[in-house]
Each structure stands twice: as structure tokens, then as C-alpha cells.
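Below you'll find the structure, written out as C-alpha cells, and then a few comments.
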Amino acid sequence: MTTTYGRLVEILARLHDAPADRIRPEATFAELDVDSLTMVEISIRIERDLGVTVADDELRSDLTLAATAVLIEAGLAARPRPLP
């Protein structure tokens, strides 16, 4: 898995008490019993820790962790790069 996925798992582990054996790339937030308030907190942490804004309609309970990592990576790729 990617570094982005690992960072997402770290964020999830800090904010939610999901058992480690249930945290896997194909798990959805719904399968991990992540409630709507925690979803908002995850979105805020993604923005703060990774520098990517994820819209409320993009971060959904039926999204897998792997798909969320891809969404974050797309946001990272779309950011303007500083000039050398």
C-alpha cells in the first residue's frame, strides 16, 4: 500500500477505535462503524495533516480506505508545485 494509505490509517486509528484486524484497504468507513461526526474529523485531519481538502460529498461512508487514499493522492497531485 501507499504512504498515503498508511497516513490515512494513522488518522483513522487516532480518531476511531476500529479493531486493527478490520482496518484493511477494502474496508469501507461504514464497515468500520465510523459515524458522521468522525467522518468530519477525518476530513479535517486529512486537510491539516496532508494538505488536501476533501469535499463532504467525496468522503462518504461507502468509500473504501483504498479509494480514499486514491482520492487524497489525486488532491496531492493537483496541488500547484512550487517553482524551483
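The values are calculated or read from the model by the stated rules, or taken from the named source; none is laboratory data. This is a predicted model, so every value here is computed, not measured. Please note: Cβ atoms are built from the backbone with ideal geometry, for glycine as well, and neighbour counts cover all protein chains shown. Quick note on the areas: whole protein, heavy atoms, side chains included, nothing else; ligands and nucleic acids left out. Shrake-Rupley method; radii C 1.70, N 1.55, O 1.52, S 1.80 Å.
Worth pointing out:
- Residue in the range 58-75 that is farther than 22 Å from Arg24 by Cα and either open to solvent by 50 Å² or more (accessible area, probe 1.4 Å) or modelled with pLDDT of 95 or more (or both) present: no
- Members of the range 18-54 found to be in a helix (DSSP H, G or I), aliphatic (A, V, I, L, M) and under 12 Å from the mean Cα position of the chain (by Cα), listed by number: Met39, Val40, Ile42, Ile44, Ile46, Leu50
- Residue within the range 12-35 that is closer than 19 Å to Arg79 by Cβ and either open to solvent by 30 Å² or more (accessible area, probe 1.4 Å) or among the aliphatic types (A, V, I, L, M) (or both) present: no
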